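First comes the structure, then the notes that go with it.
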Amino acid sequence: MTDSTVAITPRGNRRATLAVAIIIAVLAAVIATVLSVTGARLFVIETASMAETAPVGTLVVAHPKPSYAIGDVVTFVVDGRTVTHRIVGEQDGRFITQGDLNGSPDAWQLLPDQIVGTVVAIVPGLGFLLKAAPLLFLAGLIVEAVARLVGGRRRGWRVGLRLTGMSLAVSALSLWLRPWFNVQMMDFRAADDGSGALMHIVNTGLFPVVAGATRLVSGEDGVILSTDKLASGAYALSPTPDPDWPVRVLLIVFCLVPFFASLLLRAEDPVAVAGGLRSRPDRRARGSILVPIAIVTVLLVVILTSVSTSHAAFAASIKNDNASAGTNSYFTCRGAVQSVNTLARRDTYAAYSVEGTGLLGLGLFTTESDVSGNARTGTYRKSMTTTTSNACTRDQTRRAVVFDGSQCLYVPGRQNPSNVFTIEAWFSTTSKTSGKIMGFGDSATSDDDKWDRHIYIDTAGRLNFGLFPDATVVIATPPGRSYADGAWHHVAATLSSAGAAFYVDGALVGTAGTTTGQNYTGFWRVGCGNLVNWTTNPSSFFTGTIQWAAVHTRALSASEIATHAAAGR
């Protein structure tokens, strides 16, 4: 008996494969051309904020329009992120947006040029397929390589391995991306009667789930009471898949049909050789490969369609009765300040929590760590004190530095004159002679010969942003409003080739056409700096409290500043 077999590869299969490849390429080219000509763009929804309108995994098509109206679902860019929400209002030429699931409007207000377009098509589920496509392609390459390596020249082997391998790949990707069943917890709080935890969840999968006694379809949210208390004291909730039986069967068929098809394939009949003998196909090796794959594939399908996994199991520890959730882009001020730096860019010169990082109680509380990652440790003019009053109630830091009229935080490093920057800080004061909050000067201390690029509060309680290119340029808050009111306020000032802008509590106060400051090298400082010859000659030293001050090396957008002002509240 001989081991020789002859592989038979019909030309028809090759032609069919080539035809499919050509069709896919032509279809992709047509879609790309249509999108390019019409200006439309495709986006995949990745968060649950649009509820049932556009659940997670939805593909949306956004098309630009000359104008937008209240009620439009639009895709826009804010803080470097792409968001799809509904326009719910308009104020001073800016649009107010809100996700259908969110309880309040977004923190930002959009300029028309931030909007990519109105959503003109919504296709649930297709976004999952687009996200999976590159991974499926990679899996296909791996499966094909394995099929050729293990299957050799035996066509039946190769086809069986391809079908089984892709069945396993689809099941594994489904378990990772979770397109069929998934649940996200939005927030939780204690039940009013103390009986358990109220968990706000949303279904982010394509098919229904049951949580407690509540059935949620795709994109639907609900508040579920959990009384299942764990030994740790936390309350647990484990939603389970609840598709209709026809859907459950279809899912199983979708995942397992390629696998069963591979089992039905038989090895090619061996070709007769001299003497009329035929070789017997050796199916033992094939079984040793397919049986483990079969077991893994079936287990994955069972998990996907019947079992609740850790992705949909939540535990909530209730510590008080006033836990709440907001819709701010940044939960903390630290998150807002540090968001300006990304993996690709370093857009912050220095940033400080302004809480003091020396040895508390030993008279050495005089340094401030740079949280931007640039290692520009700040130094205080003298030993300083702190207060528990703070602007950012959600940050771990629950202190702010007291500036008593003779304190200052020096930022190290002499800089060339910067004409592109943003400075921002949170402050509180009751003193109308409180002076400079942040600024630039030519001295490493507060004894400047040249000074501008500063934010200060004057003797009327008005906030000012001052520049001195060739003449004094001041953008000030309107008269009649004093910010020396003891409340915490956020201030930010920007300068760039687009001009100067000044913001208070996230709102634009005013702009100026100037694009430069005075030409000198110098240092940034917080809480001090010369103010001689500026409006009402306020004190050079700030009196009050300051928290979270930063110098960024680009002009932040209006929407970015609005989100920073809302952070941590």
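Here, each number is a calculation from the coordinates, and none is a lab measurement. Nothing here was measured: the structure is a model prediction, and the numbers come from that model. Neighbour counts are summed over all protein chains in view; Cβ atoms, including those assigned to glycine, are modelled from backbone coordinates with ideal geometry.
Quick notes
- In plain terms, the residue of K450, K436 with the fewest other Cβ atoms within 10 Å comes first and the most crowded comes last, giving K450, K436.
- Isotropically averaged projected area of segment 39-124, using the convex hull of Cα atoms (one quarter of hull area), nm²: 5.2
- Shape analysis of segment 450-569 places it in the rounded category; the axes a ≥ b ≥ c from the Cα gyration tensor give an a/c below 1.5.
- Footprinting exposure proxy for V340, V61, V170 (fewest neighbouring C-beta atoms within 10 Å first): V61, V170, V340
- Structural size metrics of segment 333-566, computed from C-alpha coordinates, are Rg and Dmax of 15.9, 49 Å.
- Here the residues Y68, Y380, ranked from fewest to most Cβ neighbours within 10 Å of their Cβ, fall in the order Y68, Y380.
- Taking 20 Å as the straight-line reach from the Cα of K436, the aspartates and glutamates in range (excluding those fewer than 8 positions away in the same chain) are E355, E368, D404, E424, D447, D448, D449, D452, D458, D485, D505.
- P(r) tail fraction, segment 65-218 - alpha-carbon pairs more than 24 Å apart, %: 59
- Rounded FRET efficiency, nearest 0.05, which uses the C-beta distance separating S238 from V146 and R0 of 41 Å: 0.65
- Simple spin-label estimate for R81 and K382 gives 4.4 nm between the two label positions (7 Å along the Cα-to-Cβ direction from each Cα).
- At full extension, R394 and H63 could sit 115.3 nm farther apart than now, given 0.36 nm per residue minus the alpha carbon distance.
- When peptides 225-231, 554-560 are sorted by average Cβ neighbour count within 10 Å, with the highest value leading, the order is 554-560, 225-231.
- Here's the picture: charge each Lys and Arg Cβ at +1 and each Asp and Glu Cβ at -1 in segment 39-124, and of G93, A107, F76 the one pushed furthest to the positive end of that dipole is F76.
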